There are 2 protein chains.
Amino acid sequence: MKVVGILGGMGPAAGADFVRLFVEACARRMRAQGEPVRDQGFPEHWLAQVPVPDRSGAIGSATPGAHQPLEPMLQALGRLAALGSRAVAMACNTAHAWHGALQERFPQIELLHVAREVSAHLASQDVREAALMATDGTYRAGFYERAMAESGLACHLPSEVERTLLMRGIYDGVKAGNLQLAEDCFSRVALSLAERHGDVALVMGCTEIPLGLQGAPAVSGLRLVDPARVLAEALANRAYEGTSRQRSA
Amino acid sequence: MKVVGILGGMGPAAGADFVRLFVEACARRMRAQGEPVRDQGFPEHWLAQVPVPDRSGAIGSATPGAHQPLEPMLQALGRLAALGSRAVAMACNTAHAWHGALQERFPQIELLHVAREVSAHLASQDVREAALMATDGTYRAGFYERAMAESGLACHLPSEVERTLLMRGIYDGVKAGNLQLAEDCFSRVALSLAERHGDVALVMGCTEIPLGLQGAPAVSGLRLVDPARVLAEALANRAYEGTSRQRSA
């Protein structure tokens, strides 16, 4: 088994939830292989929850300075590498706007890419169309659209009004601890995307969205995809397999 | 804010849940102080989930060797210290049998003690009697009974048959992923303790017990106390206050 790392703190509730998903993915793997699930069967893993400036805000700003998230992310990633991590997942979708810069600085580790993992996962299930619920920063960075296009998926985007609702649910809802507001905002957007595009996969492309939307009765019939779950599964695969170090440029 | 650490992996699901409880405790603290809850308001914290041999099994064995948990715990604690942690909580009750040896090796950090935190918490709420649900190892080590006595609390213990039920719920239930079995075992013990001792505080003194018992309808009227919640709150206090470094001998 290989040591793996999780770069969190963006936000911290999502980081904690990512560890839960990773532990579940490891347990599923043990069960699938007919092994007993016991404490000592889990790979060593480290979670770094460090204060990182707001990612969406920084994507709109070209000036260097303390509001930029790259430096604290680099430092935390370097420490995860020093702890022996061979693969690292970031528990924040928007942070993947800096994926290239981070991966380049630490070529000795594999930094998983959430949008590539999700796109590959959807393509493997013969999904052809998806709608993306995400932060302003993620839309501005465009990495989900690129990864989906590379996997042959059409990617539908919400309107400006819907994007404002999503940001409200993320910041005034989940991050501020108002889950009812979050559920209202997210479910309105999910329902109108489903109405507009039909039975497409609805990618909850911000780690805060599942925390506010999962289990909401209003969206029970929709095809919600949780990228954190897909990414946690991918990280568990790296920890157990070790050999599948495919890194795309 | 001070950097704090969490020593987990014992089991990993409990470690993940401890981070969730810690993040919630930090958010509560921000709200209580009238501050907005935002990602950057959380203290830096690290979770180490390392494979550690079974604690209960080792307490019964005096021989040194690879089945002893002290060495991997020391190594993980040393790395949490190297990451800058000023206070560390262990997300495993039984592991506190080694608290003294761990604290002695790393005097520069405060290693919180779950039983002392829980006893102080109960005493502050004018609780006088508690019943302890825990692992064989925790009963054998006796640190909960000692901490409660120091805080002036009476500590009731389950019978041999009830202890066997608890171990079954912990190992064949939560650790193996069979939550229904866990709920059955734990609720039977909780109900008979309540029948025997009346309205005492029922301390769920193994991190796996709340994972199987919380929300169970059978025990909805009982006074369940989750040490992980108390410990997470104490760790959040250390992270924010920094000055309250009281270490008992």
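The values are calculated or read from the model by the stated rules, or taken from the named source; none is laboratory data. Note that this is a predicted model, so its numbers are computed, not measured. Cβ: placed from backbone, ideal geometry, glycine included. Neighbour counts: every protein chain shown.
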Considering residues of segment A:50-78 that are aliphatic (A, V, I, L, M) and more than 20 Å from the chain's Cα centre (by Cα) only, the residue modelled with the lowest pLDDT: A:Ala62
Any hit, segment B:162-180, residues being of a type in the set (Lys, Arg) and either more than 15 Å from B:Asn93 (Cβ to Cβ) or not in a helix (DSSP H, G or I) (or both): yes
Checking B:Pro51 against (1) under 26 Å from A:Val4 (Cα atoms); (2) at the interface with chain A (Cβ under 8 Å from one of its Cβ atoms); (3) assigned to a helix (DSSP H, G or I), the condition it does not meet: (3)
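Applying the selection to segment B:74-90, what residues are in contact (Cβ under 8 Å) with a residue 60 or more places away in the chain and either in a helix (DSSP H, G or I) or of a type in the set (Lys, Arg) (or both)? Lay out the reasoning, then the answer.
Residues of segment B:74-90 in contact (Cβ under 8 Å) with a residue 60 or more places away in the chain: B:76-77, B:80-81, B:83-90.
Within segment B:74-90, B:Ala76, B:Leu77, B:Leu80, B:Ala81, B:Arg86 qualify.
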Residues of segment B:28-58 classified as among the aliphatic types (A, V, I, L, M) and free of Cβ contacts under 8 Å to residues at least 12 places away in the same chain, total: 3
Breaking point among (1) free of Cβ contacts under 8 Å to residues at least 12 places away in the same chain; (2) in a helix (DSSP H, G or I); (3) more than 14 Å from chain A (Cβ to nearest Cβ); (4) not acidic (Asp, Glu), for B:Gly221: (2)
From B:Glu110, B:Glu71, residue being in contact (Cβ under 8 Å) with a residue 24 or more places away in the chain, more than 9 Å from every other protein chain (Cβ to nearest Cβ) and acidic (Asp, Glu): B:Glu110
Tally of residues being in a loop (DSSP other than H, G, I, E, B), in contact (Cβ under 8 Å) with a residue 40 or more places away in the chain and charged (D, E, K, R) across segment B:181-218: 0
Scope segment A:90-107; condition within 22 Å of A:Pro43 (Cα to Cα) and away from chain B (no Cβ under 14 Å); matching residues: A:Phe106, A:Pro107
Test: residue in segment B:125-143 that is within 14 Å of chain A (Cβ to nearest Cβ), hydroxyl-bearing (Ser, Thr, Tyr), buried (at least 21 other Cβ atoms within 10 Å of the Cβ) and in contact (Cβ under 8 Å) with a residue 40 or more places away in the chain: yes
Residue check, B:Phe42 more than 7 Å from chain A (Cβ to nearest Cβ) and aromatic (Phe, Trp, Tyr): no
Qualifying residue in segment B:12-24 (condition: aromatic (Phe, Trp, Tyr), buried (at least 23 other Cβ atoms within 10 Å of the Cβ), free of Cβ contacts under 8 Å to residues at least 60 places away in the same chain and closer than 23 Å to A:Gly84 by Cβ): no
Residues satisfying the stated conditions in segment B:140-161, i.e. assigned to a helix (DSSP H, G or I) and out of contact with any Gly (no Cβ under 8 Å at 6 or more places or on another chain): B:Ala141, B:Phe143, B:Glu145, B:Arg146, B:Ala147, B:Met148, B:Ala149, B:Glu150, B:Glu160, B:Val161
Verdict on B:Leu102 being surrounded by fewer than 24 Cβ atoms within 10 Å (Cβ to Cβ), modelled with pLDDT of 95 or more and not basic (Lys, Arg): yes
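If you take the residues in segment A:119-139 that are hydrophobic (A, V, I, L, M, F, W, C) and not in a helix (DSSP H, G or I), which one is farthest from A:Asp226 (Cα to Cα)?
A:Val127
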Any hit, segment A:4-12, residues being within 21 Å of A:Arg229 (Cβ to Cβ), within 8 Å of chain B (Cβ to nearest Cβ), assigned to a loop (DSSP other than H, G, I, E, B) and of a type in the set (A, V, I, L, M): yes
B:Arg79 within 11 Å of chain A (Cβ to nearest Cβ) and farther than 19 Å from A:Gly15 by Cα: yes
Hey, A:Glu233 within 21 Å of A:Ala87 (Cα to Cα) and in contact with a Leu (Cβ under 9 Å, 6 or more places away or on another chain) or not: yes
Hits in segment B:25-70 (condition: under 27 Å from B:Ala82 (Cα atoms) and among the polar types (S, T, N, Q)): B:Gln40, B:Gln49, B:Gln68
